[in-house]
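Worksheet: the structure to be examined is printed underneath.
The values are calculated or read from the model by the stated rules, or taken from the named source; none is laboratory data. Since we're looking at a predicted model, the values are computed, not measured. Cβ sites come from the backbone with ideal geometry, for glycine too, and all protein chains shown count toward neighbours. We work out accessible area using only protein heavy atoms, side chains counted, and drop any ligands, DNA or RNA first. Shrake-Rupley method; radii C 1.70, N 1.55, O 1.52, S 1.80 Å.
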Amino acid sequence: MGSANGMLAEARRSLGMSGRPNTITRDYASRHGDEFLRAAWCDMAVTYWARRSGNAGAVLPRGDRAYTVWHAQDFQKIDRWFSGTTANVDDAKPGDIVFFDWNQTNQVGAIDHVGVVEKALGGGRVQTIEGNTGDQCLRRVRSSSVIAGLGRPDYEDDKPYAWSGEAPAAVLRPGDGGTGVHDLQNALLRAGFQLPVYGADGDYGEETAAAVRVLQRNAGLTVSGIYDAATAAALQRALGGPQEGDEDVPYFWGSVPAGKGRITPISLPGGLFKSIGFTVDNGLAGLPPTKVRVAVHDAKGWYAAKPELVLDSAAKSKVWFSVRDPQSADGISIQRLDDVDVEVAWDAS
Amino acid sequence: MSEHEQERDRADEAALVERDVDQHPGAHQATEPDEEQTLTELYGEPEDGIFSGEEASR
């Protein structure tokens, strides 16, 4: 579940990134083709931050974008577009997507650059984080005179919060905020750890870090105060959930909806899965085999694990493959290659 | 948008990015004269030219 804070935390991690190809262009190219490896990457950066922070649905209402005009039009189509007037810029929210037109026309068709708002400064100005500004990711200060408009993502943290009851999967560290931290704090409290002053406030401050250190010490882990995959497993054990080593129990599972070209990102905690398996019931339904493309993300970036995986329940009940580095793999993206109307189920363990 | 249009859009996107995105000099330079001063006040002195610090009040 995403948040504006999570989006900005991901953008901050890219500050100083430069040159191309880079992590961001490689990520986009892994799904859309090598012609993007050296292309202008401002909107690829927004796409990357959104996907990595669990905000794809809010920031990319019609899917991945590298072309800024289409991205702005996506926000117009869902009525979450605000033209670049001084008043609207003063009302900008952290996490808004800011689109630029250097000729002061406020015309969507003239937009050629994009970033994310980190702070509204007043006086018709915002402070942004932008990819591909001077071929780097930098903080900038921009005024309404060069802002064509703002897209306002429908972030989850704008909605009533409800804890899922699970330890969060994402890696979290001091300074982070948002729904993931809120989930972590609720899980810590449920597991009996103490947050006596601030409680579950959504900010990963010293109190939360101290509770994480206690958890790590109790579990015999490296005491870092950073909530990583091993800590997530320990917290899930403390909550009484599935444990690594349980036999015949998938730790993570879900489904991939039908729809040609549809991409379903799956965030998984690094180090807690070694392989993923797929099943379909197309044989039962009398449908032809379905095909998916599987990309895996790890510390080295995205790679296509299976450019084309054929799934056919009549021939094989489950198709498995193993990730190349179980310790660092932390995400999987599945793209439907045909429009066979059958749900693909997956489980990872 | 039909599936045909979606496929065509995907094919066109790379060409449109090449032609239109980040072409103006404004995308690559400061457009506010006090940008460096403002960012220094917010995040402290830059490291290797990058304002990567935490906001003082955050």
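Quick notes on this structure:
- With a cut-off of 10 Å between beta carbons, the residues surrounding A:Pro326 carry a summed charge of 0, where Lys and Arg count +1 and Asp and Glu -1.
- Distance (nanometres) between label positions extended 7 Å along Cα→Cβ at A:Ala258 and A:Asp281: 1.3
- Counting Lys and Arg as +1 and Asp and Glu as -1 over every other residue whose Cβ lies under 9 Å from the Cβ of A:Val256, the net charge comes to +1.
- Between the residues A:Leu239, A:Trp81, A:Leu284, the greatest Cα displacement towards the positive end of the dipole of the protein assembly as shown, with unit charges on the Cβ of Lys, Arg, Asp and Glu, is found for A:Leu284.
- For residues of A:136-145, the mean tally of beta carbons on other chains within 10 Å: 5
- Solvent exposure, largest accessible area first (probe 1.4 Å, DNA, RNA and ligands not counted), of A:Tyr198, A:Tyr227: A:Tyr198, A:Tyr227
- Given +1 at the Cβ of Lys and Arg, -1 at the Cβ of Asp and Glu and no other charges, the dipole of region A:52-191 around its Cα centre is 140 debye to the nearest 20.
- Directionally averaged shadow of the protein assembly as shown, computed from the convex hull of its alpha-carbon atoms, nm²: 20.6
- Taking the charge dipole of the protein assembly as shown about its Cα centre, with +1 at Lys and Arg Cβ atoms and -1 at Asp and Glu Cβ atoms, the residue from A:Pro168, A:Ser3, A:Ile111 reaching farthest to the positive side is A:Pro168.
- Stretching the chain fully between A:Gln76 and A:Leu189 yields a gain of 36.5 nm (0.36 nm per residue, less the alpha carbon separation).
- Solvent-accessible area per residue, Å², over the protein assembly as shown with all protein chains present [probe radius 1.4 Å]: 44
- Charged side chains reduced to their Cβ positions (Lys and Arg at +1, Asp and Glu at -1) give chain A a dipole of some 660 debye around its Cα centre.
- Using just its DSSP H runs of length 4 or more, each adding -39500 (n - 2.57), chain A gives a mean residue ellipticity at 222 nm of -7500 deg cm²/dmol after division by all residues.
- J(HN,Hα) series, region A:290-295, from Karplus relation 6.51 cos²θ - 1.76 cosθ + 1.60, nearest Hz, glycine and proline x: 10, 10, 9, 10, 10, 10
- 28 Å Cα-Cα threshold exceeded, pairs from A:Lys93/A:Lys300; A:Lys77/A:Lys119; A:Lys77/A:Lys306; A:Lys93/A:Lys260: A:Lys93/A:Lys300; A:Lys77/A:Lys306; A:Lys93/A:Lys260
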